[in-house]
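Just so it is clear, none of the values below were taken in a lab; they were calculated from the coordinates. Quick caveat: nothing in here was measured; it's all calculated off a predicted structure. Every residue, glycine among them, receives a Cβ derived from its backbone with ideal geometry; neighbour counts consider all protein chains shown.
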Amino acid sequence: MEQTSLIGIEFSVPTSNDTVEQCHLCEFICSTKEHLVFHLVESHPDQCSTEISEEYANLSLKESDQLFIYHLKICSLIMLTLMGLAYIYAFVLAG
Ligand SMILES: [Zn+2]
């Protein structure tokens, strides 16, 4: 449910009908099952089952791939910016 604060910032508050995941060990609330898996392994590593650990490994691999793509995009953007600046600098020196 979208609401607006006194200074005009929009925010949403989960309703009781929204599905959330809750940690059975410390009652930590997560919005998705993936976040709960990360929480369980990182906050309660001694009490995790092998099934949760395997799911954590799969999710970590998936997240690592997404992070690699993000880094490629950032490196490309930096290289394009530097090449553009070098081109402009060379153009100014020639003219
Ligand atoms: Zn917990």
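Label the chain by shape, choosing from rounded, prolate and oblate, from the square roots a ≥ b ≥ c of the eigenvalues of the Cα gyration tensor; if a/c is under 1.5 it is rounded, and otherwise prolate applies when a/b is larger than b/c, oblate when it is not.
Oblate shape, in that a/c is at least 1.5 and b/c is the bigger or equal ratio.
What is the extension gain from Tyr89 to Leu77, computed as 0.36 nm multiplied by their sequence separation minus the C-alpha to C-alpha distance, in nm to one decimal? Before the final figure, lay out the partial values.
Working: separation 12, 0.36 × 12 = 4.32 nm, distance 1.82 nm.
This chain segment gains 2.5 nm when fully extended.
Which is farthest toward the positive dipole end of the chain among Leu85, Asn58, Phe28, measuring Cα position about the Cα centre, with Cβ charges +1 (Lys, Arg) and -1 (Asp, Glu)?
The Cα lying farthest towards the positive end belongs to Leu85.
Taking only Cα atoms, what is the 0 to 90° angle, nearest 10, from helix 50-94's long axis to the longest principal axis of the chain?
The two axes meet at around 20 degrees.
Give me the angle, in degrees from 0 to 90, between the Cα long axis of helix 33-43 and the longest principal axis of the Cα atoms of the chain, rounded to the nearest 10.
Computed tilt is about 80 degrees.
What distance in nm lies between label points placed 7 Å from Cα along the C-beta direction at Gln47 and Ser16?
About 2.7 nm separates the two model spin labels.
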